[in-house]
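Read through the structure below, which is laid out as structure tokens, and then see the notes.
The values are calculated or read from the model by the stated rules, or taken from the named source; none is laboratory data. Small disclaimer: the values here were computed from a predicted structure and weren't measured. Glycine gets a Cβ as well: all are built from the backbone with ideal geometry, and neighbour counts include every protein chain shown. We work out accessible area using only protein heavy atoms, side chains counted, and drop any ligands, DNA or RNA first. Shrake-Rupley method; radii C 1.70, N 1.55, O 1.52, S 1.80 Å.
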Amino acid sequence: MTPENPDVEDSGPRLRRGLGLFDAVMIGVGSMIGAGVFVVMGPAAAAGGSGLLIGLAIAASVAYCNATSSARLAARYPAAGGTYVYGRHRLGPFWGYLAGWCFVVGKTASCAAIALTVGGYLWPSHMHGVAVAAVVAITAVNYRGIQKSALLTRVVVAVVLAVLAAVVVSVAVSSSADPARLALVDDVSVGEVLQAAGLLFFAFAGYARVATLGEEVGDPARVIPLAIPIALGISLIVYAAVAVAGLAALGPAGLASATAPLIDTVRSVNADWLVSVVRFGAAIAALGSLAALLLGVSRTVLAMARDRHLPSALAAIHDRFGVPHRAEVAVAVVVAVVAGFADVRDAIGFSSFGVLIYYLIANAAAWTLSPQEGRPPRVIPMVGAIGALVLAVCLPVASVVSGAAVLMGGTIVYLVSARRRARV
């Protein structure tokens with residue numbers, strides 16, 4: 001049995017604890033692998049050029065700090081909602097709310113972008129229609145319970161890792177690939193590398209899914225601190241291998257201009273037989289990411305609804321399946337609508353900004369933990385918070401402006417809501 005945590009309130013029906021370490025790791029890996037490999041490498045190469053690998057290392061370092069802080073907080077507060085819950089308990093209601101707002105809005109954009117990736121690879125001329133269908137299908141799976149979602153994620157991760165391994169091997173054995181293309185050129189600036197790191201952080205943000213599912217993990221104090229760094233480490237190894245393969249095959253300029261980087265990679269090394277395999281793998285990877293992302297967003301909506309920052313009707317738990325079914329359906333409807341109009345690349349920077357602010361708050365919350373509560377070494381939340389802030393402001397100007405507008409909008413909503421509650 002999971003021990004009671006005195007800091008987590010009894011706020012109605014609870015979710016079922018059915019996830020073990022392996023499933024938690026697979027959900028984290030399934031959230032990360034897909035978005036980064038098939039979507040982010042092109043924009044990141046355009047920003048950082050030959051500094052792409054340095055940007056990847058920076059993004060991974062910040063992600064490690066964030067993962068450590070999140071794991072310690074999730075073990076202390078094993079309830080659905082992630083940093084929304086941590087910020088509320090450690091920093092106050094407003095900061096928890098702001099974290100939840102950033103997560104829900106930013107990850108809704110991420111869900112739409114990933115759904116469009118499915119459409120773009122499977123049926124480009126009907127991208128938006130396929131994206132909407134993907135959202136409906138994945139929501140139907142999630143609706144039937146977290147174990148069904150975890151089983152789907154296992155299958156997706158296995159398929160995607162096999163496809164990516166085939167891509168990396170095809171480059172490694174080809175005489176067309178040139179390791180000299182990995183060299184760092186002199187005209188890459190620090191700002192460009194940091195911008196690439198900020199965009200690549202979008203790919204690493206999937207480990208938060210494990211924290212937001214804290215109420216559904218068995219023995220969270222043991223499982224979550226293990227699952228998050230393991231998932232992050234696996235994903236970093238995969239990203240690094242694929243980034244090296246892409247650079248060796250295409251070079252920084254070729255990777256930056258590629259609309260489908262991995263397809264262009266295998267074509268450049270005369271492995272055209274892999275094109276269909278990569279196309280299928282990309283769609284499967286995106287579906288896996290979409291499944292885990294929708295889970296995380298719906299659980300944060302659930303937590304905010306429990307505290308009446310969102311309509312309380314969204315806090316309902318299904319009697320049979322033990323899932324927040326109204327929150328899942330509401331999130332799916334919004335994502336489907338956005339997917340009908342959104343552009344994949346424009347959504348990445350916007351999502352990255354929101355997620356980085358989310359982790360800024362997570363690190364600030366982790367800083368307040370005592371040693372008895374499992375506080376990480378102080379340098380970890382400090383580096384994580386500073387890194388998240390730096391990467392956020394180094395994103396493309398349009399992403400920073402739109403992200404700041406979202407923060408302002410969320411603050412206004414909170415103030416209006418607080419005033420209304422005070423009058424009741």
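Buried (at least 23 other Cβ atoms within 10 Å of the Cβ) and aliphatic (A, V, I, L, M): is that true of A162 in this structure?
No: the conditions fail for A162.
Tell me, which helices (runs of 4 or more DSSP H) lie completely within the range 310-424 with 3 or more residues that are without any contact (Cβ under 8 Å) to a residue 24 or more places away in the chain and more than 19 Å from the chain's Cα centre (by Cα)?
In the range 310-424, the matching helices (runs of 4 or more DSSP H) lie at 325-339, 379-393, 397-423.
If you go through the range 308-320 one residue at a time, how many are open to solvent by 40 Å² or more (accessible area, probe 1.4 Å) and under 14 Å from G96 (Cα atoms)?
2
Looking at V29, V118, V104, which one is open to solvent by 10 Å² or more (accessible area, probe 1.4 Å), part of a helix (DSSP H, G or I) and either touching a residue at least 60 places away in the same chain (Cβ under 8 Å) or on the phi > 0 side of the Ramachandran plot (or both)?
V104
List pairs: first in the range 180-200 and on the phi < 0 side of the Ramachandran plot, second in a loop (DSSP other than H, G, I, E, B), Cβ under 6 Å, 6+ apart or cross-chain?
Partner pairs satisfying both residue conditions: L194/C394; Q195/C394; G198/C394; G198/L395.
Rundown of residues vs (1) farther than 22 Å from D346 by Cα; (2) under 15 Å from the mean Cα position of the chain (by Cα); (3) in contact (Cβ under 8 Å) with a residue 60 or more places away in the chain, yes/no style:
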position	(1), (2), (3)
G42	no, no, yes
L52	no, no, yes
S70	yes, yes, yes
Y84	yes, no, yes
H89	yes, no, yes
G100	no, yes, yes
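Just to be sure before I move on: is V238 under 22 Å from the mean Cα position of the chain (by Cα) and either open to solvent by 30 Å² or more (accessible area, probe 1.4 Å) or over 30 Å from V188 (Cα atoms) (or both) in the structure I sent?
For V238, the condition - under 22 Å from the mean Cα position of the chain (by Cα) and either open to solvent by 30 Å² or more (accessible area, probe 1.4 Å) or over 30 Å from V188 (Cα atoms) (or both) - is not met.
Give me the pairs: first residue in the range 283-307 and surrounded by 24 or more Cβ atoms within 10 Å (Cβ to Cβ), second residue at pLDDT below 80 and of a type in the set (K, R), beta-carbon distance under 6 Å, and six or more apart or on different chains, which are they?
What qualifies is A292/R209; G296/R209.
Restricting attention to the range 76-96, which residues are buried (at least 23 other Cβ atoms within 10 Å of the Cβ), part of a helix (DSSP H, G or I) and of a type outside the set (K, R)?
T83, Y84, V85, Y86, G87, G96
What number of residues within the range 102-125 satisfy the criterion of being within 19 Å of the chain's Cα centre (by Cα) and under 30 Å from S276 (Cα atoms)?
Here the count works out to 12.
Suppose the filter is open to solvent by less than 20 Å² (accessible area, probe 1.4 Å), at pLDDT 90 or above and more than 18 Å from the chain's Cα centre (by Cα); does V269 pass it?
When the stated conditions are applied, V269 passes them.
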